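Rule-based calculations on the coordinates, nothing more; no lab input. Only a predicted model underlies this, so the values are computations on that prediction, with no experimental measurement involved. When we count neighbours, we look across all protein chains shown, and the Cβ atoms used for this are built from the backbone with ideal geometry, even at glycine.
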């Protein structure tokens with residue numbers, strides 16, 4: 001019998017395809033792996049409130065959210081790593097100076113600027129992705145104005161712009177000041193955009209904190225992802241698997257590659273490693 005494994009799954013481009021659908025094979029694989037005694041958690045850049053309710057309905061053991069700022073195991077929050085308030089103020093000042101739209105992520109609320117709200121509205125109307133509609137319902141009353149955000153309770157920010165140099169500009173301003181600036185994972189939010197977290201706060205370090213707390217050897221962990229916010233996860237786990245639709249950087253960081261999300265890549269990876 002295959003030894004018990006703990007599996008960390010990215011959402012966008014890994015469980016959910018680019019049309020916002022969850023392949024039946026992925027849902028069945030997660031359910032079967034858990035019934036076989038394996039532990040399965042999400043590992044996402046989304047805030048806790050933005051996790052698709054369809055994923056909760058599948059049943060999971062926990063989640064790494066906001067790109068490693070928060071970790072929930074069962075009903076207990078076991079990791080919380082917030083951005084120091086002076087850093088949050090500096091980050092917002094850069095966004096404002098550059099004229100960017102942005103969303104601040106907390107554990108209990110999400111704080112978009114008016115411009116970012118409009119971008120999300122247009123994206124929902126034009127793209128029609130099912131996962132965005134589910135995500136919007138999940139946020140619900142927890143959506144508040146950016147100006148009301150408690151800056152000592154912010155974990156991460158997502159920014160967007162139609163400026164072609166927005167990502168590079170933010171990187172120049174914040175990259176050497178104790179921030180991590182990576183490309184974004186929500187397509188079509190703007191011409192250029194990205195995500196900002198405190199340096200060292202990422203999926204990989206969060207996973208290592210959780211494994212230590214659980215007393216689980218990293219060799220027994222698997223991570224599956226497709227994007228550049230998955231790189232640290234793919235390197236930290238015992239077995240990193242990149243989706244066939246993943247970025248070149250994700251494939252380079254991973255130990256192996258599975259098929260694309262739309263070609264049952266998640267289920268095939270589970271099967272290859274005896275989880276199902």
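Descriptive notes on the structure:
- Which of 25, 66, 161, 180 has the fewest Cβ neighbours within 10 Å, and the rest in rising order: 25, 180, 161, 66
- Helix-only CD estimate at 222 nm, as mean residue ellipticity for the chain, using -39500 (n - 2.57) per DSSP H run (n ≥ 4): -10000 deg cm²/dmol
- Once both labels are positioned 7 Å from their Cα atoms along Cα-to-Cβ, the gap between residue 108 and residue 85 label points is 1.6 nm.
- Burial ordering of 101, 162, 176, fewest other beta-carbon atoms within 10 Å first: 176, 162, 101
- You can think of it this way: the chain between residue 263 and residue 24 has 84.9 nm of extra reach, that is 0.36 nm per residue less the Cα-Cα gap.
- Cβ-derived FRET efficiency at R0 22 Å, residue 176 paired with residue 118, nearest 0.05: 0.10
- Pairwise label distance in nanometres, residue 249 with residue 271, each label 7 Å out on the Cα-Cβ vector: 3.2 nm
- Estimated FRET transfer efficiency (residue 32, residue 205; beta-carbon r; R0 30 Å; 0.05): 0.50
- Working note: Debye formula, equal point scatterers on the alpha-carbon atoms of the chain, no solvent; log10 I(q)/I(0) at q = 0.11, 0.14, 0.16 Å⁻¹ is -0.57, -0.95, -1.25.
- Rounded to 10°, Cα long-axis angle of helix 85-98 versus longest principal axis of the chain: 70 degrees
- Computed from Cα positions, the angle between helix 203-214 and the longest principal axis of the chain comes to roughly 50 degrees.
- Annotation: the antiparallel percentage among DSSP beta bridges lying fully within the chain is about 60.
- Projected label points at residue 125 and residue 98, each 7 Å from Cα along the beta carbon direction, are separated by 2.7 nanometres.
- Principal-axis tilt of helix 114-127 within the chain, Cα atoms, nearest 10 degrees: 50 degrees
- Cα-derived Rg to Rh of the stretch 6-74, Kirkwood definition: 0.93
- Taking 18 Å as the cut-off, the amide N atoms of the stretch 238-264 that come nearer than this to a point 7 Å along the Cα-to-beta-carbon line of residue 212 belong to 238.
- Cβ-derived FRET efficiency at R0 22 Å, residue 78 paired with residue 256, nearest 0.05: 0.15
- Ranked packing of 74-83, 164-173, 198-207, most packed first, by mean Cβ within 10 Å: 198-207, 164-173, 74-83
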